[in-house]
1. Can you order the peptides 404-413, 95-104, 157-166 by their average number of other Cβ atoms within 10 Å per residue, highest first?
2. Given the whole protein assembly as supplied and a 1.4 Å probe, what does the accessible area of K28 come to in Å², nearest 10?
3. What shape does the stretch 569-649 have by the C-alpha gyration tensor, where a ≥ b ≥ c are the square roots of the eigenvalues, rounded means a/c under 1.5, and otherwise prolate means a/b greater than b/c and oblate the rest?
4. Once you keep just the Cα pairs under 8 angstrom separated by 6 or more residues, what percentage relative contact order results for the stretch 226-372?
5. Restricting things to Cα coordinates, could you compute the convex hull volume per residue of the chain in Å³?
6. What number, in percent, do you get for the relative contact order of the stretch 1-93 if the mean sequence gap of Cα pairs under 8 Å and at least 6 apart is divided by its residue count?
7. Taking θ as phi - 60°, what are the ³J(HN,Hα) couplings along the stretch 286-300 by the Karplus curve (6.51, -1.76, 1.60), each to the nearest whole Hz, with x for Gly and Pro?
8. How many angstrom lie between the C-alpha centres of the stretch 529-572 and the stretch 6-55?
Amino acid sequence: MALIVQKYGGSSVGSVERIQSVARRVYKTVQAGNSVVVVVSAMGKTTDGLVKLAHDISLSPNRREMDMLLSTGEQVSIALVSMALQEVGQPAISLTGAQVGITTEAEHTRARILHIATARIERHLNQGKVVVVAGFQGMVSTEDWEITTLGRGGSDTSAVALAAALRADFCEIYTDVPGILTTDPRLVAEAQLLDEITSNEMLELASLGAKVLHPRAVEIARNYGVPLVVRSSWTEEKGTWVISPQPIPRALINLEIARAVDHVEFDTNQAKVSLLRVPDKPGVAAKLFGEIARQNIDVDLIIQSIHDGNTNDIAFTVISSTLNRAEAVASAIAPVLRSDREAHEQAEVIVKQEIAKVSIAGAGMIGRPGVAAKMFATLAEVGVNIQMISTSEVKVSCVIDNADCDRAVAALRHAFEIEQSGSEGAAICSLSSLNAELPLTPNTYADPPTHYNGFVPQFGSNADAQTKGTQASSSVNLLPIPPVRGVALDMNQVRLAIRQVPDRAGMAAKIFGLLAHHNISVDTIIQSQRCRIIDGIPRRDIAFTIARMDTQAAMEILNVAATELGWGEVVLDDAIAKVSIVGGGMVRQPGVAAKMFEALAQHQINIQMIATSEIKISCVVAQEQGVKALQLIHAAFGLAGSEKIQVSV
Ligand code: ADP
Ligand code: ASP
Ligand code: MG
């Protein structure tokens, strides 16, 4: 007998018939000999309706009252699901987040879960009842017992957190699509169903716009090793398993806020090539990286930023031993690009041999802006200047001078309380985040923890499943990880650029520390490669993207800081789209970036920004080209299947 947490999303409980169908599915699971905890979202688009009501009354509704309002949606559905279960003869009881004892931070509208009391649920389960819990909500355990919500889409997080707290055998997320697909089927009907995906890949996809799972749910699954599957509420298909590595043991207190960083990594075997003043027009990145790929040179980080409106800087890192060849390609291409340009502006190639990449790795980095800010502050404290930044949900990397590497690594280990293990060194540290955490050969991983047939789970306990899924034993099948697992589009981002920030240690810490202090997450950070001397100080522009809803707050904070600290103006572009590819197998695979850029170039889509991490590449394009860009890239990587996915409304 297994303990299963099943979560049903809004559309799965959107009508009386659907609630009855959910009840039948739950009943069947219990009949098969399992104990079931059900987590439900609000019916259909209820939460959207409540948000609209609030905005009809107030332009910026009070966040506490917002939680009071939004938490009502789930209270309706738990009662109805519980009644429907009782109607089919299944004893059941509904409980709100507060009644369960889901305690959270006192951060209204985006609270993180601290702890879940399990005694009451276990008591009801032992009496043979199904426990139906309201997703998306919790309470603050002060004497005021304030109601909180976890942020939009947060029911997934409630479900996985409950599965972790209850040490459930697995957690099933039931939704309106057959599982996790190569992209959003509403944008590409031929998106293909994935059998499995690694938690790191899913964390990236979710934070880059794939709404099918809340990123924080994946973070908890990864951190606690909860087997997680996404399935359709309407069919019996197997769905998609999210595969997590063997977790580092952690306590069930401070569930969502404990320890974000698991490793500090470094790689001193890197060199940097920058191309300054290349034309801002479609095809430039495709030309450069196409040639780099033809030379079989593996590129690690790539950044590209718009500079002064009509020229770009592109910088990328390669393994030191390939620097000469990479430089030769860049130098050969620069004059071709230059011929398009006005005579007074020269494209220029700069190489830097002695650089190092230091990284912090864990889960939920972007969702916890304080983590990157702490990394930047730590480097600033020891006087280390940051040349390039790469952010992702699972890793933040900074390119620094080689000479600073030891100091930087020591300071980061100290700051994030990471013990140094004897075996660590540059060789291990340069492996991808995925392969570093799974002790297998590069670009492979173990079979999913289980093969799940209908309602009868084939594995015994959570611990067994995890061991099987992550040990590099000879009995484990090693499957190749595709270079691109999925494509995501985020239309809810804006770009901010701060002009003329002094080029010295501590500036990134200042900017991102200020934003983190206001809980504003930053992605796709790019520092221009060009330095301009103004008032005797070398200065660079810094551009980054943030969530659209944070625009006003970020502009206010940064404008005040710019005046106080003598930065230039803060410029906003709110008509952007970010399209990203994610895949654990892109590490050490030349040509993946080139293919993405080429797909855009062929259709004259201009790339405004490029930012990469080890397992993702993101391009910022004009907003009206976002959907087209996603479709082109999905097709270019051959991700489409022959079957069309029907999404029920
Ligand atoms: P629920 O209400 O069940 O939580 P959501 O609307 O939050 O459902 O998430 C499911 C939706 O996520 C799908 O209908 C689909 O449009 C969207 N989606 C975006 N990217 C993906 C993807 N890669 N795979 C599957 N669905 C995706
Ligand atoms: N009902 C909430 C929302 O719509 C939570 C969820 O569905 O996950 O955001
Ligand atoms: Mg959802």
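The values are calculated or read from the model by the stated rules, or taken from the named source; none is laboratory data. Being a predicted model, the structure only gives us computed values, none of them experimental. FYI the Cβ positions are ideal-geometry reconstructions off the backbone, even for glycines, and counts take in every protein chain you see. Calculation scope for accessible area: heavy atoms of the full protein, side chains included, ligands and nucleic acids excluded. Shrake-Rupley method; radii C 1.70, N 1.55, O 1.52, S 1.80 Å.
1. Going from most to least packed, we get 157-166, 95-104, 404-413.
2. Number for this one is 100 Å².
3. Since a/c reaches 1.5 but b/c is at least a/b, the shape of the stretch 569-649 is classed as oblate.
4. Values: 211 pairs, mean separation 47.9, N = 147.
So the answer I get is 33 percent.
5. Given the Cα convex hull of the chain, per-residue volume reads 152 Å³.
6. Normalised by residue count, the contact order of the stretch 1-93 is 35 percent.
7. Ordered by residue, 3J(HN,Hα) equals 4, 5, 5, 7, x, 5, 4, 5, 4, 7, 6, 9, 8, 9, 8 Hz.
8. Between the Cα centre of the stretch 529-572 and that of the stretch 6-55, the gap is 45 Å.
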